[in-house]
Structure formats: structure tokens, C-alpha cells
Amino acid sequence: MTAPRGTEVTTAQERTTTAETALRARHSARARSAVDRAVAACRHAGVDASQAKLVPNSPESKAAHALRLSRQAVDALAETTLDPAADARCARNAAATATIAAQVAKAHDDGGELAEAAYRSALQASLAAAEAAGGSALGRDDGLNTKAEAAEAAAVAAAKAAGWT
């Protein structure tokens, strides 16, 4: 029996949608983890949402504002069209927010070895997320996504070790 014309296209579209759904799940998980790290670092440093300003004038207001924007973007992710590049950029932005929050938490702790390690780990997670979102793969490179996920896991562990979570 011969398949009707167009069946191959539908199957290819379904595979693409399935692959993009899987990528969204990966990017979304990384973004949510980074936002959770940022929330924990801000809480540790005594930064709350009321400090967010449209034009931040302190590291704390910058962290609070970035966290608010990242939360909104991650929450909106599930309601947007599947787009691995945009999803990867969302994860990248959340990781950058977590780096800003880590910088504030490190300053709150007056430096220290664990705080410095947590900040460096947050920065590495942000750089890995940026690499996964950029280049020609635009969020689709499995190796870069795996590297970003490992860097995120390391940042979570370092934040815990520093007592930020």
C-alpha cells in the first residue's frame, strides 16, 4: 500500500515539532534554574522586588529589575511559538540575571572563597548559555546545550555551597 501524497511532509513536520518541543524543555529548565538561583542570591543579599527600578541606580536595583524581567520572560515562554533560538536567548538572559544577582550576593558576603566561587560559576553558566544561544546553531547544538546544562548544574552547586539557597 502506498502512503498518500503529503504524508512524508506531515511526518517531517511532526519530527521538527517534537525536536523543538524537546529543545524548549531543555532551554526552559535551564532558564528556570537560573531564575531560581537569582531569586536565592537576591534573597540572601536582602534584595527584594520593591528595589527594582526602570533605570537602576544601584547593583541591588539592577538585580531586582533584571530578576523581574527574567521571571516574566520565563513565565511567557510556554505561551509562545516554538523557537529554539528565542528559547535559548531566554535561558541566556536568565543566566545573565543570575550572574548579576551572584555579584550582589558576593558583595553582601564581603567576598570570601565560597562566594567568589559561586560568582565565578554563575559567570561560567552565563557564558555557556550565551554560547549555546549564539553562533550558527541558535540553540540547536546538542553539545553546546549539554555544556550549558552542566555549567548551570555547577552554578547551582556552587550557590548551595556558598549558602545562597
Ellipticity estimate at 222 nm from DSSP helix runs (n ≥ 4, -39,500 (n - 2.57)) divided over the chain, nearest 500: -26500 deg cm²/dmol
Accessible surface of segment 46-119, 1.4 Å probe, proportion on carbon and sulfur as whole %: 53
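Calculate, for the chain, the solvent-accessible area per residue in square angstrom, rolling a 1.4 angstrom probe over the heavy atoms of the protein chains. Provide the component values of the computation, followed by the final result.
Values: 8810 Å² over 165 residues.
For the chain, the per-residue accessible area is 53 Å².
The values are calculated or read from the model by the stated rules, or taken from the named source; none is laboratory data. These figures come from a predicted structure and were not determined experimentally. Quick note on the areas: whole protein, heavy atoms, side chains included, nothing else; ligands and nucleic acids left out. Shrake-Rupley method; radii C 1.70, N 1.55, O 1.52, S 1.80 Å.
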